[in-house]
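What follows draws every value from the coordinates through simple rules; no lab data is involved. Given the structure is predicted, the values throughout are model-derived calculations rather than measurements. Glycine also receives a Cβ, built like all others from the backbone with ideal geometry; neighbour counts cover every protein chain displayed.
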Amino acid sequence: MSQNFSFRLLAQDGAARTGEISTPRGEIRTPAFMPVGTAATVKAMHPERVRATGADVVLANTYHLMLRPGAERIAVLGGLHRFMNWPRPILTDSGGFQVMSLARLRKLSEEGVAFQSHIDGSRHMLTPERSMEIQHLLGADVQMQFDECVRLPCAEDEARRAMELSLRWAERSKRAFVEAPGRALFGIVQGGASPGLRLESARALVAMGFSGYALGGLAVGEPQEVMLSTIETTVPELPVDRPRYLMGVGTPDDILEAASRGIDMFDCVMPTRAGRHGLAYGRFGKLNLRNARHADDPAPVDAESPNETTRTYSRAYLHHLVKAGEILGMMLLTEINLAYYQQLTAGFRAAVAAGQLAEFRAATKEGWARGA
């Protein structure tokens, strides 16, 4: 691993595990949920409040930041940590998924992807080398190889083509990665829903040697059982002394199930997006604060939550804010959701450490089923 970047396994309970990633900017307790700060901000949240929910690390997006305000500008201004006032670890994705999903008139080649910006139509070329350069300029602690992500379902030959291209791009990303104290590069396992392709990809990446390994190309519309089966196939091929990251996942149940199968890191826009649309996640499932039944309810979302916002603001007030379109409603619900995701992963870590994961899983699912 990179100097001053390390992973320590603390406890296991079956396939599930808890550990700690050490970086010069702080420790990341695993399993970890990383709030998504796409454009150098976790939407509707002050950085201090993100940290107060329990987050150790946030994610930022290479594609969006290269287009606006520009990686070179951020570097001149002191790097992404200073720019967004987040002194703790940051993971940046490679930009590959966003190029495929957002850019206009994109053209894929062995070299990379030529595309037009979804913002202003300007033309750009993103290659493994350019992705590594951007992530270096941003100063990310954990950087991701450039890869191609295909949507599922996908034909086997198309999944193989993308997987093999991603492996070639992984080699180029590794050569272009700028070694620096505390910085790490993760490889990304691809292969669609094919167990054979996933195994082939994982083994090739492990042979290259990365500081951590991600599973990409999931949470793109496939059933949960496909995702979980892919995890079960792939995880045994990954080194036990390296972090495992499931990209773009997911719902609380997705996180609970994937972490139970040995995944260490997660990110998803779901809790922040839901907060901006009147939805709250918690111990008793999902609450739609738009519903009229909350208009006269003085109870908080969860009176026993460790998060102050969750236990002090009434459902009636949150309903009012949502219906009135007030920005404060988005802010409060986003914090409530992020706090719950951190509460879920903290509870998972404690359960694994105590050897009580089965009890924790059962109690958590029972709470969701009971509802609020």
Would you work out the Kirkwood radius for region 275-355? I mean one over the mean of 1/r across all pairs of different Cα atoms, in Å. 12.8 Å
With Cα atoms, 0 to 90° folded angle of helix 357-370 axis to the chain main axis: 60 degrees
Quick one: dipole size for the chain, taken about the Cα centre, charges +1 on Lys/Arg Cβ and -1 on Asp/Glu Cβ, in debye to the nearest 20. 700 debye
So what's the net charge close to Thr272: Lys and Arg +1, Asp and Glu -1, counting the other residues with Cβ under 13 Å from its Cβ? +2
So for the chain, Kirkwood radius off the Cα pairs, Stokes-Einstein at 4 °C and 1.567 mPa s: how many µm² s⁻¹? 62 µm²/s
Relative packing of 293-301, 25-33, which averages over residues the other C-beta atoms within 10 Å, highest first: 25-33, 293-301
Could you tell me the calculated FRET efficiency between Arg123 and Gln356, based on Cβ-Cβ distance and R0 = 45 angstrom, to the nearest 0.05? 0.25
Can you put Ser101, Ser166 in order of Cβ neighbours within 10 angstrom, beginning with the fewest? Ser101, Ser166
Could you rank the peptides 133-143, 355-365, 331-341, 239-249 by their average count of other C-beta atoms within 10 Å per residue, with the highest value first? 331-341, 133-143, 239-249, 355-365
Would you kindly state how much longer the chain becomes between Arg73 and Glu48 on full extension, computed as 0.36 nm times their sequence separation minus their alpha carbon distance, in nm to one decimal? 6.6 nm
Largest first and rounded to whole Å, the semi-axes √(5λ) derived from the alpha carbon gyration tensor of region 5-70 read 27, 14, 11
For the chain, whose charge dipole is built from +1 on Lys and Arg Cβ atoms and -1 on Asp and Glu Cβ atoms, the candidate among Ala184, Gly212, Asn337 with its Cα farthest towards the positive end is Asn337
When DSSP beta bridges are limited to those with both residues in the chain, what percentage is antiparallel, rounded to the nearest 5? 50 percent
Relative packing of peptides 272-279, 184-191 - highest average C-beta neighbours within 10 Å first: 184-191, 272-279
0 to 90° range, to nearest 10: angle between helix 327-354 axis and the chain longest Cα axis: 80 degrees
Count of lysine pairs, the chain, Cα-Cα under 22 Å, sep. 8 or more residues or interchain, comes to 4
Nearest 10 degrees, 0 to 90: what angle lies between the long axis of helix 128-138 and the longest principal axis of the chain (Cα atoms)? 50 degrees
Can you give the alpha-carbon Rg of region 45-102 over 2.2 N^0.38 Å, where N counts its residues? 1.20
